[in-house]
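Asker: Just passing along the structure, written as structure tokens.
Values quoted throughout were computed directly from the atomic coordinates according to the rules given, and no laboratory measurement underlies them. Quantities reported herein were computed from a predicted structural model and do not represent experimental measurements. For neighbour counting, all protein chains shown are included, and Cβ atoms are generated from backbone atoms with ideal geometry for every residue, glycine included.
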Amino acid sequence: MAEYLEFKGTGPMRLLTPNLRLKSIYDLPIPWLKERRVRAILTDLDNTLVPWRDYRVAAELADWFRTLHGEGFRTVILTNARPSPTIKEMSEELQTELVVGARKPVQRFFRRALERVDASPVEACVIGDQVFTDVLGGNLMGCYTVLVERIGRREFFGTKIMRLLERRVLGRLDRFRVQNEGVEGDASR
């Protein structure tokens, strides 16, 4: 059995279903990405890479980006956060591209991020902590999607409201997991 469980949604749930669900970005399986010929990683910022509005770079985060780059992946941070010098400095320190002020799941921002890393949707993986922004936007584009648990408890008020709906979706995914315990799902396209 794999160390991670792949999901495949059906019907309308397909758009809200990540291909993988992980505890954190540090659990991202590089072999899984390579098997799918992923070349680019689009990642959320707040509560995915760092706690909400805490844009200090930890050594572990810098090492994770170095590992991705060393494996040949191109990276871009795609965030709804407003542009700020601290976010720009962070992306420079991590040597990654940056798209700020996005309104995920709006597709034009995902397209802009894909252009920055010169990748098509099927060559990209979107990583984030929210179903209705990161997973939905990535799935609408045709990218692979990975949902990670949020890092901190603090977040934007509107996000707190969306978390209520998200809990219902995640509950449904958890029921799927329990029903298929011991069976590796298929996330192929």
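Asker: For ARG56 and ARG168, calculate 0.36 nm times their separation in residues minus their Cα-Cα distance, and state this gained length in nm to one decimal.
Answerer: Values: separation 112, 0.36 × 112 = 40.32 nm, distance 3.24 nm.
Stretched fully, the ARG56-ARG168 segment lengthens by 37.1 nm.
Asker: Still on this model: Taking the Cβ of PHE65 as the centre, find all other residues whose Cβ is under 12 Å away and add up their charges (Lys, Arg: +1; Asp, Glu: -1). Show your work: numbers first, answer last.
Answerer: On the way: positive: ARG66, ARG74; negative: GLU60, ASP63, GLU71, GLU92, GLU93, GLU97.
Once positives and negatives cancel, what remains is -4.
Asker: As an exercise, identify the GluC sites (Glu not before Pro) in the stretch 59-139 lying in DSSP coil whose Cβ has no more than 16 other Cβ atoms within 10 Å. Display every interim value, and only then the final one.
Answerer: Numbers: sites: GLU60, GLU71, GLU89, GLU92, GLU93, GLU97, GLU115, GLU123; in loops: GLU71.
In loop regions of the stretch 59-139 (DSSP not H, G, I, E or B), the sparsely surrounded GluC sites (Glu not before Pro) are GLU71.
Asker: Filter the trypsin sites (Lys or Arg not before Pro) in the stretch 14-45 to those in DSSP coil with at most 12 other Cβ atoms within 10 Å of their Cβ, and list the result.
Answerer: Working: sites: ARG14, ARG21, LYS23, LYS34, ARG36, ARG37, ARG39; in loops: LYS23, ARG36, ARG37, ARG39.
Answer by residue number: LYS23, ARG37.
Asker: How would you classify the stretch 16-178 from its alpha-carbon gyration tensor, with a ≥ b ≥ c the square roots of the eigenvalues: rounded for a/c under 1.5, else prolate if a/b is greater than b/c, otherwise oblate? All intermediate terms of the calculation are to be shown ahead of the outcome.
Answerer: Details: a/c = 1.38, a/b = 1.13, b/c = 1.23.
Rounded, since a/c falls under 1.5.
Asker: Then there's this: Using modelled backbone amide H atoms (1.01 Å from N, in-plane), which distant-in-sequence or interchain residues come within less than 5 Å of LEU98's amide H?
Answerer: The answer is ILE77.
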